[in-house]
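Here's the structure we're looking at; comments come further down.
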Amino acid sequence: MVKFLIVFRSCFLSITRSSLFSFKRFFMKSVFQITYRWFLPLACLLLGFFSITAQAEELSIMSFNIRNGRGLNAPDVDLERPAEVIRQYSPDIAGLQELDRFSKRCGNRDIPADLGKAVGMKSFFAQAISFQGGAYGVASLAKCEPIRTYHVPLPGKEERRTLQVLEFPTFVFFNTHWSLTKESRLASVEIIEAERKKFTKPIFLCGDFNAFPDSEEIQKLMSTWTVISPDAPTFPANGPKIRIDYVMTTLKKDAIKVESAEVLNAPAASDHAPILVRVRF
């Protein structure tokens, strides 16, 4: 009887140890599988997410008064002139000024849409005035779709002007063409500042401002905006002597890196020289 109990005890302990060992192996294996299958991919995903969000955004911006594709002095519309420049430098976004849409002057063509198709970019038009059965204003070309677009009227003694706004996920783009009169330009500063305050994202502003760098209106803008286009003349295109076209941003200098900024040599494309700025922010 005693011998039987000893044998039984030995068997019981052996089975118990074996079961505990098996359970331990099963438990550890399950934990490892759960960790491997779920936690590690999740960790990698999160690390990738933070890595992506930490990366600087790259953006190339063009500002270009295209004079409706009529070149420097040509009376005819030839969109291949500005299209060639845009294709060559391939900006992510281009703010264009002086474009007609369905006007008699341009043969009832949709200049922004036609130009967008010619360079493979999305086109967005902002009307300043009605003109010859159509419209006249500014347009932007972009490689990606904005969240929303709208425009705000600006004053002009000779003709009304406009500010075009395109909002993207990580930045906002302003495109404008100012009046020839100082009074109207100063009023435009106040309107643009009111729009600026509506956004917390970085904003980039470009256009034909018809104002010199030391003018009161440009100096007022520079109290809240940083000019990132080159300190170089932009008009006339065949021998620039004055600087009236700019690219600016609401970002401070320590929050943006200007990789390159140049006034492009394209005298046949328009009476204004185009500006190209590449930034990281």
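Numbers below:
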item	result
Failed criterion for F131 (all others in (1) buried (at least 19 other Cβ atoms within 10 Å of the Cβ); (2) touching a Ser or Thr at 6+ places or on another chain (Cβ under 8 Å) hold)	(1)
Counted residues, segment 169-183 - those being surrounded by fewer than 19 Cβ atoms within 10 Å (Cβ to Cβ) and assigned to a loop (DSSP other than H, G, I, E, B)	4
Pick from segment 87-121, criterion within 19 Å of the chain's Cα centre (by Cα) and more than 18 Å from E145 (Cα to Cα), ranking: surrounded by the most Cβ atoms within 10 Å (Cβ to Cβ)	Q97
Options G207, G239, G156: the member that is assigned to a loop (DSSP other than H, G, I, E, B) and surrounded by 13 or more Cβ atoms within 10 Å (Cβ to Cβ)	G156
Among (1) more than 25 Å from L186 (Cβ to Cβ); (2) part of a loop (DSSP other than H, G, I, E, B); (3) in contact with a Ser or Thr (Cβ under 9 Å, 6 or more places away or on another chain) - the single one P75 does not satisfy	(3)
First in segment 171-195 and within 26 Å of A255 (Cα to Cα), second anywhere and of a type in the set (G, A, S) and not in a helix (DSSP H, G or I), Cβ under 6 Å, 6 or more apart	N175/G95; N175/S140; N175/G207; T176/G207
Residues being assigned to a loop (DSSP other than H, G, I, E, B) and closer than 17 Å to E262 by Cβ - total across segment 78-91	2
Among (1) under 21 Å from S140 (Cα atoms); (2) touching a strand residue (DSSP E or B) at 6+ places or on another chain (Cβ under 8 Å); (3) surrounded by fewer than 16 Cβ atoms within 10 Å (Cβ to Cβ), the one test that E193 misses	(2)
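Each value in this text was obtained by applying a stated rule to the coordinates, not by laboratory testing. The structure presented is a predicted model; accordingly, all values stated were derived computationally and were not measured. When we count neighbours, we look across all protein chains shown, and the Cβ atoms used for this are built from the backbone with ideal geometry, even at glycine.
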